[in-house]
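Contents: one structure, followed by commentary.
The values are calculated or read from the model by the stated rules, or taken from the named source; none is laboratory data. Bear in mind that the values here come from a model prediction, so they are computed numbers and not experimental data. Note that each Cβ is placed from the backbone with ideal geometry, even for glycine, and that neighbours are counted across all protein chains shown. SASA here: full protein model, heavy atoms, side chains in, ligands and nucleic acids out. Shrake-Rupley method; radii C 1.70, N 1.55, O 1.52, S 1.80 Å.
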Amino acid sequence: MKQILMVGAGSVGGFFGAHLAKANPNVSFLLRPKTLAAVKQNGLTIRSAQGSFTVHPPAASDPRDLVKPDLIILSVKAYDLDEVLTQIKPVLTDKTVILTLQNGVDTEDRILARVQRDCVVGGIAYIYTKIAAPGVIDHYKKGAVAIGELMGHQSSRLLAIADLFKQAGIPCQLTDDIRRSKWEKMCWNCVFNPLTVMIDDKVAKALDHPEMLGVIHQIVGEIVAVAASAKVPLAADMAEKVVRWTQEIRDIHTSMYDDWKAGRPTEIDFLNGYVSKLGRKFGIPTPLNDMLTAVIKTITERERTGPGLVRIDGAVVQPVSLDRAAIASLPADHQLDISTVMPGMQGKGIRVEGLLDIPALAIGADHVTFHALDGNYSACLTLQQAREYGVLVYELNEAPLPDAKGGPFRLVTPGLGDLCANVKGVARIEVTIGTGVDTRPTNC
Ligand SMILES: Nc1nc2c(c(=O)[nH]1)N[C@H]1C(S)=C(S)[C@@H](COP(=O)(O)O)O[C@H]1N2
Ligand SMILES: [Mo]
């Protein structure tokens, strides 16, 4: 096992990869272009109270530009696994071994389903690090791995991998039940990852309130039940174990917290979301994991924008976004049958008055600008004109108003006497104090 390819140099891969590369010239990195540029220029740096160092390993964004690996170590986010497997496919031989240090208990099976060969060694990273900048990893806690064959035996490839870590000074534990070890770490992750995001604080905060203890027990209890159905028996005192492990890392956040703060997607679908999914499959109720999944998505997923949504913002206390269903459920007295203003057409509109009732308007708001999705066309009306004449057409023949007809939301202003105010593809309704941008032609 001579040539090693590290896939990803994030908080986990960066740390372990740099340590492996320090002692071994045959360690190269497959990186995204942004990280690649940084590593090519400045190397890969680990900053740690235990000693900082920089390595300059071979790196590329295409694995074909590197020496063919005997061992590939995956440390990318669980949601990037499929993309990465496609990327490394050209360099896989029938001997390549893949070690995964990724979160989630189904990673090994996902790899096997794609590669269809006994190529996987399971792994777990025990580490707390953060990406400070591309190619710069700050190390805070731990830094060990546990690895194991899925069948539990001590294969020569397993021992060879353990040697690589040991030569690099990384504690490497061999486990004869890697699936169980992964579920145990899953229990910890499923408790503290979402809770640190919800409370916007470190793990100790979630741990210390006496009423949290019962909640932690319930979260873990659901996971233990699901794991048992997946034929992975966990200890009866699993929740106590999770609490005990946390005492020595009280001051940390979690990777989900860091992903959230850095604006990255979280791994929630592979943690609590996966527990919920398996629970549904086995008929095991997982109400707390369902709730944690939904709340984390609500907190961390960016507000939807783009076609299908209209946003009211500007001089309002809080911006709001509405889709067709939300508009259709606004009070009936603001709804309009568009055949009354567009003879022969069957459809629905909402009076702008009804839309402007939703957000609290800022004091002094007196104009409203209707912006098209392309950002190029807009019409600014006085607040009074908008309330009096404005109708947003949102449905034609019981379907969304088609793009060809100026959908999904089109402003019409029957009675205003200005066809140019028929803004097609309205994406944003901006309330302003004073006039807003108006691109209506003057000569129409
Ligand atoms: N998004 C967008 N909406 C728009 C325009 C435009 O260029 N972009 N032109 C306006 C003008 S000047 C007129 S007269 C009407 C024309 O609408 P029609 O193409 O349905 O006849 O749309 C108005 N709405
Ligand atoms: Mo126009």
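Details
- Consider the range 60-77 and keep the residues that are open to solvent by 10 Å² or more (accessible area, probe 1.4 Å), more than 12 Å from Pro90 (Cβ to Cβ) and touching a residue at least 40 places away in the same chain (Cβ under 8 Å). The one that is nearest to the chain's Cα centre (by Cα) is Lys77.
- Criterion violated by Ile350 - all others in (1) assigned to a strand (DSSP E or B); (2) away from ligand 1 (no atom under 12 Å from the Cβ); (3) open to solvent by 60 Å² or more (accessible area, probe 1.4 Å) satisfied: (3)
- Here Val393 meets the list (1) within 13 Å of ligand 1 (Cβ to nearest atom); (2) without any contact (Cβ under 8 Å) to a residue 60 or more places away in the chain; (3) not in a strand (DSSP E or B) almost entirely, failing just condition (3).
- Just so you know, in the range 408-423 the residues that are more than 15 Å from ligand 2 (Cβ to nearest atom) and buried (at least 22 other Cβ atoms within 10 Å of the Cβ) include one that is farthest from Tyr377 (Cα to Cα), and it is Pro408.
- Cβ separations smaller than 8 Å between residues 6+ apart or across chains give the following pairs from the range 79-94 residues that are free of Cβ contacts under 8 Å to residues at least 40 places away in the same chain to residues that are open to solvent by 70 Å² or more (accessible area, probe 1.4 Å) and not in a helix (DSSP H, G or I): Thr93/Lys68.
- Candidate set: the range 144-187, residues that are more than 25 Å from Asp109 (Cα to Cα) and in contact (Cβ under 8 Å) with a residue 12 or more places away in the chain; chosen: the one farthest from the chain's Cα centre (by Cα): Gln167
- Subset of the range 396-424 [more than 11 Å from ligand 1 (Cβ to nearest atom) and within 21 Å of Asp366 (Cα to Cα)]: Pro414, Gly415, Leu416, Gly417
- Every pair of residues 6+ apart whose Cβ atoms lie under 7 Å, when the first sits in the range 415-432 and is at positive phi and assigned by TED's automatic domain parsing to the domain that holds Leu392 while the second is away from ligand 1 (no atom under 12 Å from the Cβ) and open to solvent by 20 Å² or more (accessible area, probe 1.4 Å): Gly415/Tyr389
- Condition check for Val431: away from ligand 2 (no atom under 16 Å from the Cβ), within 24 Å of Thr340 (Cα to Cα) and crowded, with 19+ Cβ neighbours inside 10 Å: no
- Subset of the range 361-374 that is open to solvent by less than 60 Å² (accessible area, probe 1.4 Å) and more than 16 Å from ligand 2 (Cβ to nearest atom) - its residue that is farthest from Ala326 (Cα to Cα): Gly364
Residue-wise test of (1) open to solvent by 30 Å² or more (accessible area, probe 1.4 Å); (2) within 16 Å of ligand 2 (Cβ to nearest atom); (3) among the aliphatic types (A, V, I, L, M); (4) farther than 24 Å from Gly314 by Cβ.
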| position | (1), (2), (3), (4) |
| --- | --- |
| Asn376 | yes, yes, no, no |
| Val391 | no, no, yes, no |
| Leu396 | no, no, yes, yes |
| Gly425 | no, yes, no, no |
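- Residue that is touching a residue at least 24 places away in the same chain (Cβ under 8 Å), out of contact with any Gly (no Cβ under 6 Å at 6 or more places or on another chain) and more than 16 Å from ligand 1 (Cβ to nearest atom), where the choices are Leu336, Leu381, Leu361: Leu361
- From Gln218, Gln167, residue being in the same structural domain as Gly148 (by TED's automatic domain parsing) and polar (S, T, N, Q): Gln167
- If the condition is being in contact with a helix residue (DSSP H, G or I) (Cβ under 8 Å, 6 or more places away or on another chain) and near ligand 1 (Cβ under 10 Å from one of its atoms), then the range 425-444 contributes Gly425, Arg440, Pro441, Cys444.
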